[in-house]
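Worksheet: the structure to be examined is printed underneath.
The values are calculated or read from the model by the stated rules, or taken from the named source; none is laboratory data. Worth saying up front: this structure is predicted, and the values here are computed from it rather than measured. Glycine gets a Cβ as well: all are built from the backbone with ideal geometry, and neighbour counts include every protein chain shown.
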Amino acid sequence: MGSTTTFAKRSLRWLIIAVGTLLAATLLTLQAPLGAHAAAPDEPGGDQEPTGFYFAGVITYQDEPLPDIQVTVEGNGFEAETLTGADGRWRLYVPEKDTYTLEVVESTLPDGVIVEDNPRELEFGLTGSVIVNSFLAPGERVTVSFFDQVVERLMNGLNFGLLLALAAVGVSLIFGTTGLTNFAHAEMLTFGAVVALVFTSVPFGWPMWIVIPIVILLGGALGWGLDAGLWKPLRRKGLGLVQLMIVSIGLSLAGRYTFQFFIGGGTYQLPGAGAPRDIRFGPISLSIIDVVSMGISIVLLAGVAYWLLRTRIGKATRAISDNPGLAAASGINVDRVIRIVWVLSAALAAIAGVLWAYFRPGIKWDMGTQVLLLVFAAVTLGGLGTAFGALIGSIIVGILVEISTLWIPPDMKYVGALAVLIIILLIRPQGILGRKERLG
């Protein structure tokens, strides 16, 4: 009886040990990442702990594999590195799907060989792997001095500021004569770019020097139609400025999604976009598109200044800005002048849209909205209702936006301009030129 009991206890003990071992093996199996495999020591990434997610690729130079090239990955608190094998292949495992910075260490490359777009940010798609192949060619890494970077960004900022001024002056003219903050001005920019896209594409295929005047004419026609069909009737009904502003927001939304309906959500390029910057003045490099863009902006802005200061309609516009009632009592046709202001502002916005499409570059259904906040910032910075203030504010904003990329990421470059706007308004609330409700 005693031996039987001892045998039972031993059997139970071994059974418990077997079940425990089986459970432990099962838990280890469940914890292993799905799809992971153990790489052999001589395979790329063989010295790493395999997971289900990895970056891999091959590095070659003139069609020959490069061995012993160091590749690093970093992100989400994780760092790893590896060397390419004899066939130029490498693999780096990461713990999870996320965005990582991948870098080929150039000091391990042969002399005279560089890697473009290095380091680079990568993220996983639907699969657990990202393949990055590097086919290298001879090159030279050129470093640019801080002074040269500042000078080049100043020129880019001036170019951006001038095209921004074309839109901002129109916003300022409309505000000065009607008191309306027109949110639909963004869609006037998009309208000009879309018109240029239509007439430079099939079946027209016209050159840009013919399309530019068409853009200006159709932009002006849009401004005439909006005032005749919408704004003048609303003014006659006595709507307040808040109601008119809400109407402009609704008009902006309607125009934006109308553009999306007709051209879709993609990005389109105008002829010559991305032209090489082969015109050099010391550290400044420009493309022919940059030179033409700045030339068009300067000519049009100079024409607006002459119109405001030297013509009867321009002087009448300034008079209406100061006192609409007194201007009407002195014999000025206020509605006629406002109509002309709408035509001029829409034409300037249309050509600004074309130049913005080249500067950006690309035409999208919501491209005007992306620059509208900067337009309002320029108008406010220069002084509400002052056309020349809008010009000064636009150039300041454009330069600040470009210069700020020396210290902050490009995705945040608009923040610096808006921060300066807030600081200046704290010091001088009426803006730089500061004459309230005054044009010119």
Flag for Ile249 being modelled with pLDDT of 95 or more and aliphatic (A, V, I, L, M) = yes
Restricting to the range 228-252, what's the tally of residues that are within 32 Å of the chain's Cα centre (by Cα) and without any contact (Cβ under 8 Å) to a residue 12 or more places away in the chain?
-> 4
The range 415-431, residues that are at pLDDT 80 or above and crowded, with 17+ Cβ neighbours inside 10 Å = Gly431
Could you pull out the residue among Gly274, Gly255, Gly265, Gly303 that is loosely packed, with under 15 Cβ neighbours inside 10 Å, in contact (Cβ under 8 Å) with a residue 60 or more places away in the chain and on the phi < 0 side of the Ramachandran plot?
-> Gly265
Just give me the residues in the range 298-341 being farther than 20 Å from Phe388 by Cβ and of a type outside the set (A, V, I, L, M), in sequence order.
-> Pro324, Gly325, Ser330, Gly331, Asn333, Asp335, Arg336, Arg339
Pull up the range 71-92, narrow it to residues that are part of a strand (DSSP E or B) and hydroxyl-bearing (Ser, Thr, Tyr), then point me to the one that is farthest from the chain's Cα centre (by Cα).
-> Thr82
Test: residue in the range 176-198 that is part of a loop (DSSP other than H, G, I, E, B) and over 30 Å from Asp227 (Cβ atoms) | no
Test Asp117 against the criterion of being of a type in the set (D, E, K, R), within 29 Å of Ser404 (Cβ to Cβ) and either assigned by TED's automatic domain parsing to the domain that holds Lys413 or modelled with pLDDT under 90 (or both), and give yes or no.
-> yes
